[in-house]
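For reference, the structure is listed below as structure tokens.
The values are calculated or read from the model by the stated rules, or taken from the named source; none is laboratory data. This structure is a prediction, so every number in the text was calculated from the model and none was measured. We place every Cβ from the backbone using ideal geometry, glycine too, and count neighbours over all the protein chains shown. With ligands, DNA and RNA removed, areas are computed over all heavy atoms of the protein, side chains included. Shrake-Rupley method; radii C 1.70, N 1.55, O 1.52, S 1.80 Å.
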Amino acid sequence: QVQLVESGGGSVQAGGSLRLSCAVSGYIISRRCVGWFRQAPGKEREGVAAIHLARGGTTYIDSVKGRFTISQDNAKNTVYLHMNSLKPEDTAMYYCAGSRVADSCDTQDDTYRTWGQGTQVTVSS
């Protein structure tokens, strides 16, 4: 089975940076997307960014453009989310997820079928 395991979360001050990692194992079809999502207590889950494993194309929601970067390291079977200029509003549990077969990516959670366990990001002012 495909497994996704997030790591790299922690507590930082506003303006700081973190790099989240999503390690992907098991049999996986490369023609699909890996996305990052976040959910704060009492709020809806929100897609943040996604990358197409085969094509390399990326997409971001407006609130993180210019601050977050999604990337992949094929040799390590890992997808990263580099987060800069963090804000308290970024505080959430962050999840990575794998999509169905697709030619392009979005940040809609219905697109994604396999989910990791999450890693907590806390940003203080």
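Taken together, 32, 45, 19 contain a single residue that is in contact with a Gly (Cβ under 7 Å, 6 or more places away or on another chain), of a type in the set (D, E, K, R) and within 21 Å of residue 102 (Cβ to Cβ), which is 32.
The sole residue among 20, 86, 81 that is assigned to a loop (DSSP other than H, G, I, E, B), open to solvent by less than 20 Å² (accessible area, probe 1.4 Å) and either at pLDDT below 95 or touching a strand residue (DSSP E or B) at 6+ places or on another chain (Cβ under 9 Å) (or both) is 86. In this entry, residue 50 passes the filter for residues that are crowded, with 17+ Cβ neighbours inside 10 Å, under 14 Å from residue 115 (Cβ atoms) and in contact (Cβ under 8 Å) with a residue 40 or more places away in the chain. Among the candidates 28, 61, the residue that is within 19 Å of residue 110 (Cβ to Cβ) and surrounded by 12 or more Cβ atoms within 10 Å (Cβ to Cβ) is uniquely 61. Residues that are small (Gly, Ala, Ser) and open to solvent by 50 Å² or more (accessible area, probe 1.4 Å) within region 64-78 comprise 66, 75, listed in sequence order. Scanning region 92-105 for residues that are of a type outside the set (S, T, N, Q) and either farther than 23 Å from residue 18 by Cα or exposed (fewer than 15 other Cβ atoms within 10 Å of the Cβ) (or both) turns up 100, 101, 102, 103, 105.
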